[in-house]
Each structure stands twice: as C-alpha cells, then as structure tokens.
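In what follows, a structure is listed as structure tokens, so that the remarks can point back to it.
The values are calculated or read from the model by the stated rules, or taken from the named source; none is laboratory data. Fair warning: this is a prediction, and the values are worked out from it, not measured in the lab. Glycine also receives a Cβ, built like all others from the backbone with ideal geometry; neighbour counts cover every protein chain displayed.
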Amino acid sequence: MTLCLGLVAVLGGASLVVGSGVLRDQEASAARQQQFARFQNIYAAQQAMSLVRQHSGQLYAAVLSSNPSQQTLARTAQQAAKASFDEELLKLSATDPISARLIETASDEIDGLSVRAVNAATAAQATPLLAALQQRLDLIDETLQSTSKREQARAGEMQAAEHSRLKDLVRLSAAVIIGACLLGVLMTLGIVRSVIRPLQATTNAIRQVNAGEIDIDLPPIRPDEFGDMAVALRQFRDQAERLRRLAYQDPLTGLGNRARLEETLQRSIDRSRQTREPVALFYVDLDNFRAVNDKFGHKAGDRYLCEATARLHRFMPPGALLCRHGGDKFTITVDGLDAGSALETPLREQADCLLRGLAESYPFGDHLLNMSVSIGIAVFPGDGETAEQIIASADAAMFVAKKNGRNNARFASAQLTGTMRRQLALASEIRRGLERDEFEPFYQPVVDVEKGLVVGAEALLRWRHPENGLMPPSEFIQVAEDSGLINQLGELCLIKAHEQAQIWAAKNRRLRVSVNLSVRQVHDGRILQLLRGFSSAPGSRERLIDFELTESALLDSTEYSHTMLTEIKRLGFRIGLDDFGTGYSSFSYLQRLPIDKIKIDRQFVTSMGASKQALAIVSATLTLAQNLDLGVIAEGVENTAQMRQLRILGCKLQQGFYFTRALPAADFEACAVAFEESGMDAHATAVAAREPVTVGIR
C-alpha cells in the first residue's frame, strides 16, 4: 500500500511537472506564432515599400525625361503600390504603433511630393522634389529595417528564455527520474520500460534543443504527457525552421542568401585555420540577365534565375554550398580542398565544368536564350583573411572575367584585387555622383573660321568630385564603360545638352550641340524613347542635337545598330563619325551607315606641318566629304598655322584648344559673344602675340 501511494505521489508530481512544462511550451508556442505574424507583417511592408520605391524610380526617370505618358503610368503604378503599402502599414500599427506612426508621417508626404514633381515646370524644379521623395522612401526603409532588427533581437531573447525553461524542465525531470528509479526497482520490467523509453527520447530532444540544433530526433507522439511534450517540441522545431528560412534563405530560388554565405564562409575559414585545408569561393555572374529582364519582363527573369540555379546545382562540385549573393550573382563555397601547388588545376576544371554546363541554350517559349556566366575564383588563404575580403577578391576576379569577353573564369591575385577594388570603388562613387547630380557637360565651341562665328559646340562631360575637384572624362569614362554605368552618364549628358541647346535657341542663338554616343547606348535601344520625347528648337522644327560615334565603336556594328542609327536620323537628329581615319573600314561606314558629317582626327591635324602623308590624308578627306555631301570638322586645332592650313584646304569648321578649352555653359556663352565681337583676325593676332585670349582659357 505504501509502495502504491509513493508511486502515485511520484507519478502525480511527475504529471504536474510535465503538465507545467507543456503549459509553458504552449504559451511559448503562442508567443512564437505572434512573433512570426509580426515578422510577416514587417516583411510584407518591406515588399510593398520595394514596389513603391521601384515605381517612384520609374517616376523619377519619367520626370527627368519630361515624358508625360511615362509620368502618368509611373504615377498610377506608384499610387497602387502606395495603397498596398498603406494596408500593410495598418497591420503593422497593431504590433508596433510607434514605428508605424513614424512611417505613416513619411508615407503621407509621398503622394504630395510625387504630384508636385510631376507638375513641376522643368526637370530642374522637379529634382529637389524627387530628392525629398527619395529621402522619405529611405526613412521608411530604415524604419522597417530597425523594426525587423528589434524583432530579431526579441526572437533571440525568447529563444534564450525558452532554453532556460527547458533546462529547468530537464532538472525537474531528472529529479522525477531519480524518484521513479528508487521505486521502479520494485516494479516490473515492463512498467519500467513504458516510462523510461519515452522519457529518454524526450530528454534527448530537449538536449538537442539546448545545443541549438535544428534537426532534432523527436520522440513519438503518445496519448499521454510525453506525447504532449513531443507535440510541443515539434511545434518549436517548425517555428524555429520558419524563422531560420526568413533570416537565411532567398525567397525566389530557395538558396542561402548573403547572410548565410557570409556566416558559412567565415566558419569554413575559421576551420581552415586549424585543418590547413584551403577554402575556395566561386563568384558567378550571369552575363545576359539584364537583356532577358528588359526584353521579356521580370517574371521571365525570375524563371531564368531559377533555371540558372538548377544548372549550378547540377554542375557545381559535390558537397559545395550554393548561395544567391544578390540579383544575378551566385556564389559556390568549396572547402576541404587538398593543399598544394597544384590546387589551381582542379579549381580550373571545376570552373570549366560550370562554364560548359551553363552554356547550353535555354528554351523560353518560342525563343532560345543563350546562357553564359563569368566566374571569379578566390582562395583562402592567400586572397583575403576574412569572409568579406574573400568575397571582394572573387568579385574583382569576376569583374576581370566579364571585362575580358565574358563566359570565362579568372583567379584573384593581389595586383588584380587591388586594381579591381579601386575600380569598383570608383564605380560606386560614380553611382553616388549620379544620385547627387555631380556630373555636368562642358562645351567646346565649333568655329566657322571664314565667318568668324561660333556655330556649334561639343558637349564633354565633367565630374565635380567633392574631394578630387573637377575630373575630366579620361579619369572615369573607362570605369563607367566597364561597370555598365556609361548608359546613365550618356543619357544625363544628352538630357542636359538638349536643355542647354533649347535655352540658347530661346535667346536666338541656334547652336548645334554634338553629344558622344557610346556603342552600349546604340545596342541598348532605350535612347529612342528618350529622343522621341525631345522637342524641336523654339520657333522651328529643327533638331539641335548631333550625335558622334567613334570608328572603334562601330567595329562590331550589326544590322541592329544600323537600324537604330537610321531611326535616330529619321527623328531629325544628325550623326557624325568621330576620329575619322583611325579605324579600319572608314569608307564602308560612309557607305553603309547614315552619316551626316565626319571629324578629322586630331593626330592628322597635329602632324600636318611635319608629315606630307598627314597633309595628304586631310586633303583627301576634305575632297571625299565634299563629293559625298558630308560636313567636315577638324578637331585638335592648337595653333595659328594649323588653323590657316586647314582654312586653305577648305576646312572652315574647326575645333580645338587654339580657340578655347571646353567651358561651362555660362562661360561658353560669354566666350561665343566675345569671339564674335573680336573676330577671327583679332583672335589670331592675340594668339600670335602671346597675349591673353579673350575667348577662352589659356
């Protein structure tokens, strides 16, 4: 009887302990569910704000390009996205009213700023409004990120509290086990087994939870208290897994995200320091993803990314970790490699396997898309000491691979990474400069030496760098070309040059302004949309913008390029061939392409006085242009002898330092007026006497 009463007391106490633990677990589970709902609200708000930012960016571009139809479409899309964001903000206010009020204050100003920017008379007036709109969007993003970080911190606190409660439960369970063991000696072996086995399984699961493991050996579900604990542990595991996916998984591809990559790579590096086994990182960038997005839309781009993910999984080394670093960039982490001087050989073979595997054409509807990648490879130790440095080195190597023709792989090196990091840093500064409107076209006059008049100008971009001062294009254009920013710079120069030409025309000074057109802009095709929105000169239908292309840019000209140039000319803009005579197929260009004028390259102008060949080339070019009814401009004129020699040969349109360097718009206008008042002869006399020239910069 005493044994039975003791057994009943022990089992009753055990039931109370277990029941208390189950109740606490259920409360914790409810708290986790509430927290997960808050995470979902924050994530949904961030996604909605991402759409608002995207359509605000489209509105920004439409306002700057003065395109009413695009403004209307962008404004409508922005309003729809804003309405969706307001719905998510209402949900967020129930869990975080302080952040919601701060966001709501900034959100309420978005519509007003957008309407004022659209209604602005000029792009210049709209720019500060759009900048203020961008600040409100940035404030909302920062507030949402801060709210997410607070929730993550709260999740950590909840998990620590749960671990503490589970430890207490383990201690209490251990006490119950001791009491049960003292009395269990007198019980049958079957009763002992029925109690010990589920308790051991539950205890093991609790210990795995305390160790922070995700894959837990869960006990079976039974119709008793141990079964309740098994259910609670399953709920904990499921909620922990969902939180882990939110923090470390890319939602589109299911791969690990940037945070997962950095954490895993750093662990591999720390382990490599002990085992001396190298760690390699493949940085993979899709070569033509932007073209797919632009041509077929973002949904097609998502399918393209998923197909690339599947191929990378199929062809990457066994046991490697594949992550999406962002956009169309992926990483593959390979650890446990054999150290030695021959390490480059297997890594090269693995890279070649990836290149071949992804090179297979991808069928998309009625189209067959070519897929290729550029790969950068960095190895620890050698190419960096931390995960961040290894990623940067691999990124720099990938940049070189893309620069050298794409669809190839490059290894990182100290010299390479140093140079590429500087170029990447400069590219980042160019992006910030574009956002802060630090770029400005200067204008170098084109002079009619027979009439003594300034008849045109060439727009040459300058960068007013906040630290380095005024920077010429030679210091940043090549980096802009390599990083894909040349289109944005070219469009900015074109827009500002067109606005300036319109201002001069309104003052009854009709000057044709030449703008350099890069081959990337021709291939992109978006320039046509911009040009269709340009207005003619005030009081006439004349277009005041000329485009200049270099012969080297036309070496890879295609039928598409010819079609684009023909359409540009059909819109009323003139096209010139710059640096004439320095390429390989000048005459064929004049025959095939819709060229209106040619520019004699400065090297021939400079060499005329000392080289009969250069003089003959200049003379022949002028004769050819006259027979083909093409305009001719000689560039690089630097002294009186060159000016007069060209004038004798029949070249009346000239450009160069002899007249003036490129000037800001206001200085250019003053220069043109002063030149026309003094005349060509006075200018030549002033130069010959080495007197200060009134029309330019000495």
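List the pairs whose first member sits in region 625-641 and is within 12 Å of F657 (Cβ to Cβ), whose second member is assigned to a loop (DSSP other than H, G, I, E, B) and acidic (D, E), and whose Cβ atoms are under 9 Å apart, counting only residues at least 6 apart or on separate chains?
Partner pairs satisfying both residue conditions: E635/D601; G636/D601.
Pick out the one residue from Q654, Q626 that is out of contact with any Asp or Glu (no Cβ under 6 Å at 6 or more places or on another chain) and either assigned to a loop (DSSP other than H, G, I, E, B) or surrounded by fewer than 22 Cβ atoms within 10 Å (Cβ to Cβ) (or both).
Answer to the check: Q626.
Quick one: R462 ticks every box in (1) surrounded by fewer than 16 Cβ atoms within 10 Å (Cβ to Cβ); (2) assigned to a strand (DSSP E or B); (3) charged (D, E, K, R) bar one, so which box is it?
(1)
Inspect region 332-354 for any residue being among the polar types (S, T, N, Q), in a strand (DSSP E or B) and at negative phi and give the result as yes or no.
The answer is yes, given that some residue of region 332-354 is among the polar types (S, T, N, Q), in a strand (DSSP E or B) and at negative phi.
In region 268-284, how many residues are of a type in the set (D, E) and either surrounded by 21 or more Cβ atoms within 10 Å (Cβ to Cβ) or under 21 Å from H55 (Cα atoms) (or both)?
Residues meeting the conditions: 0.
In this structure, is N487 polar (S, T, N, Q) and free of Cβ contacts under 8 Å to residues at least 24 places away in the same chain?
no
Would you check if S66 is buried (at least 16 other Cβ atoms within 10 Å of the Cβ) and on the phi > 0 side of the Ramachandran plot?
Against the criterion (buried (at least 16 other Cβ atoms within 10 Å of the Cβ) and on the phi > 0 side of the Ramachandran plot), S66 qualifies.
Take the residues in region 335-357 that are buried (at least 18 other Cβ atoms within 10 Å of the Cβ) and touching a Phe, Trp or Tyr at 6+ places or on another chain (Cβ under 7 Å); name whichever of them is nearest to H298 (Cα to Cα).
In this case the residue turns out to be L354.
Among the residues of region 36-69, which ones are in contact (Cβ under 8 Å) with a residue 40 or more places away in the chain, of a type outside the set (V, I, T) and under 26 Å from L530 (Cβ atoms)?
Of everything in region 36-69, those that are in contact (Cβ under 8 Å) with a residue 40 or more places away in the chain, of a type outside the set (V, I, T) and under 26 Å from L530 (Cβ atoms) turn out to be R53, S56, L59, Y60, L64, S65, S66, N67.
Give the residues of region 36-60 that are surrounded by fewer than 18 Cβ atoms within 10 Å (Cβ to Cβ) and more than 28 Å from S93 (Cα to Cα), sorted by residue number.
Once the filter is applied, which keeps residues that are surrounded by fewer than 18 Cβ atoms within 10 Å (Cβ to Cβ) and more than 28 Å from S93 (Cα to Cα), region 36-60 yields only Q58.
Please go through region 368-391 and give me each residue that is surrounded by fewer than 20 Cβ atoms within 10 Å (Cβ to Cβ) and either touching a residue at least 24 places away in the same chain (Cβ under 8 Å) or part of a loop (DSSP other than H, G, I, E, B) (or both), ordered by number.
L369, N370, S372, P381, G382, E385, T386, E388
Here's the yes/no breakdown for (1) assigned to a helix (DSSP H, G or I); (2) farther than 21 Å from F39 by Cβ; (3) over 38 Å from the mean Cα position of the chain (by Cα); (4) free of Cβ contacts under 8 Å to residues at least 12 places away in the same chain:
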position	(1), (2), (3), (4)
I110	yes, yes, no, no
R116	yes, yes, no, no
L129	yes, yes, no, no
L144	yes, no, no, no
H163	yes, no, yes, no
R171	yes, yes, yes, yes
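For residues that are in contact with a helix residue (DSSP H, G or I) (Cβ under 6 Å, 6 or more places away or on another chain) and without any contact (Cβ under 8 Å) to a residue 24 or more places away in the chain, scanning just region 78-103, find the one that is farthest from R526 (Cα to Cα).
S93
Name every residue in region 248-265 that is surrounded by 15 or more Cβ atoms within 10 Å (Cβ to Cβ) and either in contact (Cβ under 8 Å) with a residue 40 or more places away in the chain or closer than 23 Å to G376 by Cβ (or both), in order of residue number.
Those that are surrounded by 15 or more Cβ atoms within 10 Å (Cβ to Cβ) and either in contact (Cβ under 8 Å) with a residue 40 or more places away in the chain or closer than 23 Å to G376 by Cβ (or both): D250, T253, L255, G256, N257, R258, R260, L261, E262, T264, L265.
Based on what the data block shows, is G405 modelled with pLDDT under 85, farther than 16 Å from A291 by Cα and either charged (D, E, K, R) or surrounded by fewer than 20 Cβ atoms within 10 Å (Cβ to Cβ) (or both)?
Spelling it out, G405 is indeed modelled with pLDDT under 85, farther than 16 Å from A291 by Cα and either charged (D, E, K, R) or surrounded by fewer than 20 Cβ atoms within 10 Å (Cβ to Cβ) (or both).
Across region 143-162, which residue is modelled with the highest pLDDT among those that are within 30 Å of V63 (Cα to Cα) and surrounded by 13 or more Cβ atoms within 10 Å (Cβ to Cβ)?
Out of the qualifying residues, it is T143.
Select, from R165, R136, the only residue that is of a type in the set (K, R), touching a Lys or Arg at 6+ places or on another chain (Cβ under 6 Å) and surrounded by 15 or more Cβ atoms within 10 Å (Cβ to Cβ).
R165
Could you tell me which numbered condition E360 fails, if it satisfies all but one of (1) part of a loop (DSSP other than H, G, I, E, B); (2) in contact with a Phe, Trp or Tyr (Cβ under 7 Å, 6 or more places away or on another chain); (3) not β-branched (V, I, T)?
Of (1) part of a loop (DSSP other than H, G, I, E, B); (2) in contact with a Phe, Trp or Tyr (Cβ under 7 Å, 6 or more places away or on another chain); (3) not β-branched (V, I, T), only one is false for E360: (2).
Touching a strand residue (DSSP E or B) at 6+ places or on another chain (Cβ under 9 Å), surrounded by fewer than 19 Cβ atoms within 10 Å (Cβ to Cβ) and of a type in the set (A, V, I, L, M, F, W, C): is that true of L492 in this structure?
Yes, satisfied.
When region 318-331 is examined, which residues are found to be closer than 15 Å to I375 by Cα and either at pLDDT 90 or above or in a helix (DSSP H, G or I) (or both)?
L322, C323, R324, K329, F330, T331, listed by residue number.
Which condition from (1) within 23 Å of the chain's Cα centre (by Cα); (2) buried (at least 21 other Cβ atoms within 10 Å of the Cβ) is the one that L89 breaks?
With (1) within 23 Å of the chain's Cα centre (by Cα); (2) buried (at least 21 other Cβ atoms within 10 Å of the Cβ) applied to L89, the lone miss is (1).
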